[in-house]
Amino acid sequence: MHKATRWLFLSSALFLLTAVTGHAGQIKAYVAPFSVTGAPNSAELRNSLQSLLSSRLSNDEVIAVESPEGADISIKGSYFAFGTVFSIDTVAKSSSGTVLVRAFEQGESQEAVLQAVGKLAKTLLSGIEKNYGKLAAAPAAAAAPVRLPVVPADPAVVKAPPQSDIVRVATVAELAASGWISQKLPGELVGIALGRTLGSGEREVFIAGIHSVQFFLQGKEL
């Protein structure tokens, strides 16, 4: 009995040592909680999407880790719902901030979310494996500073605020509260932007598809 206990202990220790050694050469990827817009259960969905993507983001080269500390790359994602249509955008960056790969999927029902996350994981894994090795092998050559002429600022020019890698529509939460948000629009949705509020109280809404741009007026109806 004593020998069997010792053997079990040694076997467990050997298993743990093998697992740690196997992960030592893998690229450690951390998936952050998602940014969710337009979904009623956003607090729950942001963590669910994080877990779903993390569970599918492991192979011989890449392994998902639970903490950003010590991770080689970080992955951020956003989930945007517009009626029955959803889109998921993700971007993977190295620890130095270099973009390795971006991935985008969309669908027209909640049942398609799992399939979309699976496709995202495959795209991310492929891009990470392809580009992370190039990044690690690239020589760290210091770039010579480039001096540009100082041009006085034109007060008539309004500068747009800097955009992040993932496009987040901040006003969708307001749109979701209106009645027309549940309307299903034809085609593949790429982006949405709000325009002016007219004197009649109506709001301009622009919907971008892959090959088209649609213009709507939002009042009591869209």
Return the loop-located GluC sites (Glu not before Pro) in region 73-130 (DSSP other than H, G, I, E, B) with at most 12 other Cβ atoms within 10 Å of their own Cβ; answer none if there are none. none
Cα→Cβ-extended label distance, 7 Å offset, between Lys220 and Ala208, nm: 3.3
Considering amide H positions built from the backbone, and no H for Pro or chain starts, which residues 5 or more places from Ile27, or on another chain, come under 5 Å of its amide H? Val62, Ile63
Distance in nm between Glu66 and Thr84 label points, each 7 Å along Cα→Cβ, equals 3.9
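Computed from the coordinates by the stated procedures, all read-outs in this text should not be read as laboratory data. Nothing here was measured: the structure is a model prediction, and the numbers come from that model. We place every Cβ from the backbone using ideal geometry, glycine too, and count neighbours over all the protein chains shown.
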